[in-house]
Structures are given as C-alpha cells and as structure tokens.
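Questions regarding the structure given below will be posed in turn.
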Amino acid sequence: MKNNPFKSEQTYGLIFIMTAIVTGFITGLWLLSFLLWSLVYILWKWVELYYFYKWYKNGADKKNVPLNYGVWEELCSMVIYNKNQNLKVEKKNKYLLKQFDKTAQALPYATILLNQRFEINWVNHAAQQILGVIQNQDEGIKIDNFVRDPAFIAIMAGEDNEIKIPHPNDKQKKIHIKLIKLLNKRYLLVARDISEQESLRKSRKAFVANASHELRTPLTVITGYLEMLFTSDEIPKSWKSAIDQAMQQSSRMEKIIDDMLKLSSIEHEKYLEDSDDVIEMPAVLNRLFNDVKNSSKSKQHFFIANIDSELRINGNEEEVISICLNLLNNAVIHTRADTNISLRWFKQDDKAQLWICDDGEGIDIKHLPHLTERFYRADNTCYKNVNSTGLGLAIVKQICDNHNAKLDVESELGKGTCFKVEFPSSRVV
C-alpha cells in the first residue's frame with residue numbers, strides 16, 4: 001500500500017504538463033496543446049473511475065483489480081484491505097453468534113429476543129415447552145399473543161421488569177417472567193417454570209403455620225403455669241430465679257413463633273394488593289421514634305432524629321413500619337447505655353434513604369455478610385438472646401426485597417453501626 005498516492009498523481013500530472021509544453025513548442029499552438037492534453041488526462045482518469053466503479057459494484061474481487069494508477073490504485077488497495085478486515089470480523093461474528101445460539105439453546109429457561117414492537121425475532125427450544133412459542137414458526141408475531149395476562153401487559157408498558165403469573169396454557173402451573181431492555185430498543189424475555197418452587201414454598205408455609213400453631217398451644221399452658229408458680233407464696237424463694245428464667249425463655253419462644261409466622265407471610269406474599277399505598281413516612285417515623293425513645297429499654301440512650309417532612313413513598317405501610325421498628329429496637333438492644341442513636345429520613349439522588357445509626361460497640365466485619373440470616377447473632381450474650389429472636393434482620397431484608405429496596409450495613413468495631421435502607425425512585429411520591 002502506497003504511503004502518499006497524491007505524490008505519484010502529481011508525477012503523472014507533471015508528465016502531462018511537460019508533454020503539453022513540448023507539443024506547444026513544436027507546433028506553436030500553446031493553448032490548443034494544453035487543452036488537448038488536459039482533455040486526455042481527464043479522459044484517462046474518467047476511464048479509471050469507470051472501471052473502479054464497475055469493479056467495486058461487482059464485489060471488488062481482488063483477483064480482478066482494474067489497472068489503475070495514483071489515487072485510484074490506492075483506493076483499490078484500501079478497498080481490498082477493508083474487505084479482508086470485514087471478512088475477518090464477519091467470520092468472528094458468525095462464530096460468536098453460533099456460540100451464543102448453542103448456549104441459549106442449552107438454557108433450561110425460555111429465552112426470546114423481541115424488537116421494539118415486542119415482535120418475536122428469535123427463540124430457543126425451551127420457549128416452546130414453557131410458553132408455547134415455536135422456533136422459526138412464530139417469529140414476527142407479538143409476544144402478547146402468547147402471554148395475555150394483564151400483569152405481563154403492564155411490564156410491557158414499563159411498569160415493572162419481572163412478574164410471577166399463571167402459566168398461559170395451564171393454570172395449575174406458575175411461571176416467572178423477566179423483561180430486560182437491550183440496546184437499539186430491543187428486549188430480552190426470560191421465562192422459567194416455577195411451579196415446583198411455588199409448591200415447595202406453599203408446603204413450607206403450611207408447615208410453619210401448623211408447627212407454630214402446635215407449639216403455641218402447649219406453650220400457652222406452660223407460660224400460664226409458670227406465672228402461677230412465680231406468684232405463688234407456697235414456692236420457695238430459691239426457685240423464683242429459675243422460674244423467672246423459664247418465663248423469660250417461654251416469652252422469647254412466643255416472640256420467635258410470631259416472627260416465624262410474620263417472615264413466612266411476607267416471604268410468600270411478595271405482591272400484596274395494598275402494597276402501593278402512599279405512606280405518610282414523616283408521621284410514621286415520628287410516632288415510632290418517640291415510642292422507642294420513651295420505652296423502658298431505651299431510657300439511658302440518647303436519640304436524634306432528622307426527618308424530611310415532605311418525603312413520602314409507596315408501599316405496604318405495615319411492612320415498612322416493621323423495618324423501622326426492627327432497626328430501632330436492634331439499635332437499643334445491641335448497644336450499651338448512653339449510646340447515641342440517630343434516625344435520618346431524606347432524599348438523595350431521587351431515592352428515599354432511611355438511616356438508623358449508633359455509636360455503640362460496632363460489629364466485626366466477619367459477621368456483616370451473615371446478619372440477615374435467620375437466627376444468626378453477632379452477639380450471644382444472655383441478655384440479648386432473651387430480647388432478640390434472631391429473625392428481625394431476616395424480616396427487614398425480606399421486606400426490603402418486597403419493596404425493591406436495598407439494605408446496606410456499615411459497621412466498625414469501637415465506632416458504631418449504621419443500617420441504611422434505600423427505596424428506589426419509583427417508590428418516591
């Protein structure tokens with residue numbers, strides 16, 4: 001490939017000029033000589049352009065490159081080079097597409113590529129079994145002809161990006177659908193059959209409910225007898241301490257049963273009918289803050305509140321209250337006397353932020369990833385075991401998931417702990 005095609009073109013131009021000068025000198029017809037040779041030069045370049053255009057239009061075959069000089073020779077070389085590069089890229093893209101097709105076909109989930117009008121462009125084999133969409137047959141058909149559920153129509157309108165709905169062809173089954181927006185106004189739909197998981201969840205929920213009911217009945221009887229023994233004058237004083245401890249443990253068991261039922265309920269009823277109510281968060285937070293501040297457990301703590309009086313969110317009020325109470329009570333239970341506890345409710349980057357922080361002992365970093373696990377405790381002291389069920393943060397995490405909120409815990413030993421809940425902008429009123 002030449003470095004400077006214009007240099008050679010200038011050389012050819014000079015040759016024609018010198019030829020015109022010699023011809024003019026011999027004939028004495030300078031003007032005619034210059035016009036004649038200029039016309040010859042232009043005609044030559046026009047012929048080169050014609051053959052270049054014809055060659056390029058016919059596919060630019062490198063075996064049939066037209067005989068050109070100067071700029072056109074360089075253009076031919078560039079066309080051949082770019083064509084070779086494009087062939088390499090095309091070959092690589094074909095390989096990648098082939099690998100993608102093999103991978104997507106092996107997925108157990110229905111995978112469907114949609115255009116901006118939600119028409120089917122490509123599907124894998126699993127789509128036929130899960131959604132009834134047949135490869136190479138249903139391409140070009142709108143996806144809502146196969147999935148007609150109103151909830152699915154809503155996510156097509158952009159209200160959400162994933163749902164659980166009954167199977168379009170078998171109401172006894174349930175499927176999970178996620179719609180992902182891609183570049184160039186295209187969408188990727190992923191669907192999977194969750195009938196077995198839903199059945200297992202229902203069985204687990206029924207088991208927890210039945211087990212809790214069966215435990216609550218004898219526990220009530222035991223608690224009643226313990227209270228009777230504790231208040232009886234016929235029981236020796238040496239037994240009072242043991243009876244008191246037994247009453248504390250029975251009370252803790254009742255709390256555990258209540259929390260287990262609550263966690264089971266919110267875990268299996270993610271989308272509640274009243275989950276889009278407007279929650280008057282300033283009033284709710286002020287009430288809860290004062291309740292905890294004035295409780296018997298927190299008389300030796302110092303409380304600070306900074307609440308945005310205009311910031312409200314959509315959600316399930318009962319569940320959001322549970323988040324606030326659990327985090328505030330945890331801050332009280334798991335810190336020493338004279339600890340400063342702060343509550344902040346504010347807006348940042350169009351998202352609602354709830355921060356409940358303390359300057360207590362803090363939590364070792366090794367415990368942070370496990371705090372939301374059921375019955376996990378970073379502190380196993382006797383007092384905190386009695387006052388904590390080990391399910392509070394698991395409940396908080398599940399409610400955050402239900403509201404598409406993010407729970408983050410920041411802590412350092414000797415400096416305190418901060419629980420941060422971030423509600424998405426879609427829930428800010």
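Just to check your reading of the model, which residue among Arg252, Arg216 is free of Cβ contacts under 8 Å to residues at least 60 places away in the same chain, over 30 Å from Tyr109 (Cβ atoms), part of a helix (DSSP H, G or I) and basic (Lys, Arg)?
Numbers: Arg252 fails: free of Cβ contacts under 8 Å to residues at least 60 places away in the same chain.
Sole residue among the options that is free of Cβ contacts under 8 Å to residues at least 60 places away in the same chain, over 30 Å from Tyr109 (Cβ atoms), part of a helix (DSSP H, G or I) and basic (Lys, Arg): Arg216.
Only one of these is in contact with a His (Cβ under 9 Å, 6 or more places away or on another chain), on the phi < 0 side of the Ramachandran plot and not hydroxyl-bearing (Ser, Thr, Tyr): Gln128, Gln116, Gln197, Gln137. Name it.
Gln197
Condition check ((1) outside any helix (DSSP H, G or I); (2) small (Gly, Ala, Ser); (3) not assigned by TED's automatic domain parsing to the domain that holds Lys181) across all residues:
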{"position": "Ser33", "(1), (2), (3)": "no, yes, yes"}
{"position": "Gly59", "(1), (2), (3)": "yes, yes, yes"}
{"position": "Ile80", "(1), (2), (3)": "no, no, yes"}
{"position": "Leu87", "(1), (2), (3)": "no, no, yes"}
{"position": "Ile112", "(1), (2), (3)": "yes, no, no"}
{"position": "Arg117", "(1), (2), (3)": "yes, no, no"}
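Quick check on Lys142: is it modelled with pLDDT of 85 or more, of a type in the set (Lys, Arg) and buried (at least 17 other Cβ atoms within 10 Å of the Cβ)? Write out each step before concluding.
Numbers: modelled with pLDDT of 85 or more: yes; of a type in the set (Lys, Arg): yes; buried (at least 17 other Cβ atoms within 10 Å of the Cβ): no.
No.
Which residue pairs have Cβ atoms closer than 6 Å, lie 6 or more positions apart in sequence or on different chains, and pair a first residue in region 21-43 that is touching a residue at least 12 places away in the same chain (Cβ under 8 Å) with a second residue that is among the basic types (Lys, Arg)?
So the pair list comes out empty.
Counting only residues that are more than 16 Å from Arg427 (Cα to Cα), give me the strands (runs of 3 or more DSSP E) lying completely in region 293-360 with at least 1 of them.
Because the criterion is at least 1 residues that are more than 16 Å from Arg427 (Cα to Cα), the strands (runs of 3 or more DSSP E) in region 293-360 that meet it are 302-307, 340-348, 351-358.
Which is over 30 Å from Asp170 (Cα atoms) and assigned to a helix (DSSP H, G or I), of Lys202, Lys262?
Going through Lys202, Lys262 in turn, just one is over 30 Å from Asp170 (Cα atoms) and assigned to a helix (DSSP H, G or I): Lys262.
Within region 76-91, is even one residue closer than 17 Å to Lys178 by Cα and either small (Gly, Ala, Ser) or over 26 Å from the mean Cα position of the chain (by Cα) (or both)?
Here is the first cut: in region 76-91, the ones closer than 17 Å to Lys178 by Cα are none.
Among the residues of region 76-91, not one is closer than 17 Å to Lys178 by Cα and either small (Gly, Ala, Ser) or over 26 Å from the mean Cα position of the chain (by Cα) (or both), which makes the answer no.
While we're looking at this one, here's another question. Which residue pairs have Cβ atoms closer than 7 Å, lie 6 or more positions apart in sequence or on different chains, and pair a first residue in region 98-119 that is over 17 Å from Asn136 (Cβ atoms) with a second residue that is of a type in the set (Gly, Ala, Ser) and part of a helix (DSSP H, G or I)?
Between residues of region 98-119 that are over 17 Å from Asn136 (Cβ atoms) and residues that are of a type in the set (Gly, Ala, Ser) and part of a helix (DSSP H, G or I), the close pairs are Leu107/Ala126; Pro108/Ala126; Tyr109/Ala126.
While we're here: If Val208 meets every condition in (1) surrounded by fewer than 16 Cβ atoms within 10 Å (Cβ to Cβ); (2) under 30 Å from Arg252 (Cβ atoms) apart from one, which number is that one?
(1)
I would also like to ask the following. So, Leu43, is that one at pLDDT 80 or above, among the aliphatic types (A, V, I, L, M) and either assigned by TED's automatic domain parsing to the domain that holds Ile163 or exposed (fewer than 11 other Cβ atoms within 10 Å of the Cβ) (or both) or not? Steps first, answer last, please.
Numbers: at pLDDT 80 or above: yes; among the aliphatic types (A, V, I, L, M): yes; either assigned by TED's automatic domain parsing to the domain that holds Ile163 or exposed (fewer than 11 other Cβ atoms within 10 Å of the Cβ) (or both): yes.
When the stated conditions are applied, Leu43 passes them.
Checking Gln353 against (1) under 28 Å from Ser309 (Cβ atoms); (2) surrounded by 20 or more Cβ atoms within 10 Å (Cβ to Cβ): exactly one of these is not met. Which one?
Status for Gln353: all satisfied but (2).
Related question: Considering each residue of region 142-163, count those that are part of a strand (DSSP E or B) and either of a type outside the set (D, E, K, R) or in contact with an Asp or Glu (Cβ under 6 Å, 6 or more places away or on another chain) (or both), and give that number.
Counting residues in region 142-163 that are part of a strand (DSSP E or B) and either of a type outside the set (D, E, K, R) or in contact with an Asp or Glu (Cβ under 6 Å, 6 or more places away or on another chain) (or both) gives 2.
The values are calculated or read from the model by the stated rules, or taken from the named source; none is laboratory data. Predicted model, so just to flag it, every value in this text is computed and none were measured. For neighbour counting, all protein chains shown are included, and Cβ atoms are generated from backbone atoms with ideal geometry for every residue, glycine included.
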